[in-house]
1. Give me the extension gain from Thr184 to Arg168: residue separation times 0.36 nm, minus the current Cα-Cα distance, reported in nm with one decimal.
2. Semi-axes, largest first, in whole Å: what does sqrt of 5 times each Cα gyration tensor eigenvalue give for the chain?
3. Any chance you could run the full-extension gain for Asp127 through Gln257? It's 0.36 nm times the residue separation minus the Cα-Cα distance, nm to one decimal.
4. What FRET efficiency would be calculated for the residue pair Asp194, Asn245, taking the C-beta separation as r and a Förster radius of 45 Å, to the nearest 0.05?
5. Sort the following peptides by mean Cβ neighbour count (other Cβ atoms within 10 Å, averaged over residues), highest first: 173-179, 113-119.
6. Using packing as a proxy for protection, rank 151-164, 193-206, 42-55 so that the peptide with the highest average count of other Cβ atoms within 10 Å comes first.
7. Once the Cβ-Cβ distance between Tyr34 and Ala105 is put in as r, and R0 is 41 Å, what FRET efficiency do you end up with, to the nearest 0.05?
8. If R₀ is 22 angstrom, what is the calculated FRET efficiency for the pair Lys119 and Phe158, using the beta carbon separation as r and rounding to 0.05?
Amino acid sequence: MALLKIYRHARQHGLSSCVKKIFEVLPGYIGVLYLWRVRRCQCCDRITIFLCNSSAAESRACLFCSANERYELLATEIKTRFRDNLSEKDVLELDPHSPLRKILAHARSYTRSFYEAGKNGGSARTDGAVCEDITHLTFRDDSFDLIISSDVLEHVPFLDKAFNETARVLRPAGAHLFTVPPRTKTKKRSEVVDGAIHHIETPEYHRDPLCPQGILAFWDIGADLPQVIPSAGLDIRIARGPAGNDGRVVWIAERGQ
């Protein structure tokens, strides 16, 4: 129900489809009106209404920019860590429609990316976002000071390769700030064997705007992540949290000097 999402839906599917969608989802929001909140958003910095259609923290989002709890946690960490020198940083965000865009636009350079299977890496959309695979980035070594991703890494089958690429494209002392759905421990849910997906746990699909049927989660990621997926080039640890009913945290994977 965020205004930006309504606008994007109207542009992509047309006004009539947008109106139909609003009337389909509106009763769910009205039914939990008592859970809405009015406060300042940490992402767009506006006094806003945080609407929701359930009691889950993930469902409560800013009316204006669609930021929810995990994006606000990332925003707080970015502003705290880089308040005085973000304008000196080159930033990559693995999200083409992020509510963090207003903050990250103050960086020296700000690259937005998306992933689409079968599309050439490095190819750009009309909105400027580039297609990138976190396990095989097209950028040169030491390209970025900061990488941001929100609930992306749990969908990457080869998580070790993702962190290797992070270490490669980050500059010394650079950092990858990321969120993942909180779990008690780190384990594979599914894996790719000889080009085919093999399920270890019951398949779990998460909502994704680019994939109507949802996107498969390959991993549960818990506090033991650094022990399960060690990386010689990165110091992986929790930077902020836990916060909220879900115990959300912001992780940091920091390259050494």
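1. 2.9 nm
2. In descending order, the three semi-axes are 28, 22, 20 Å.
3. Between Asp127 and Gln257, full extension yields an extra 43.3 nm.
4. On the way: r = 41 Å, r/R0 = 0.91.
Taking R0 as 45 Å, the efficiency between Asp194 and Asn245 is 0.65.
5. Ranked from most to least packed, the peptides come out as 173-179, 113-119.
6. 151-164, 42-55, 193-206
7. According to the calculation, E is roughly 0.70.
8. Calculated value: 0.75.
Throughout, read-outs are computed from the coordinates displayed, never taken from laboratory work. What you see is a predicted model; the values in this text were computed from it and never measured. Neighbour counts are summed over all protein chains in view; Cβ atoms, including those assigned to glycine, are modelled from backbone coordinates with ideal geometry.
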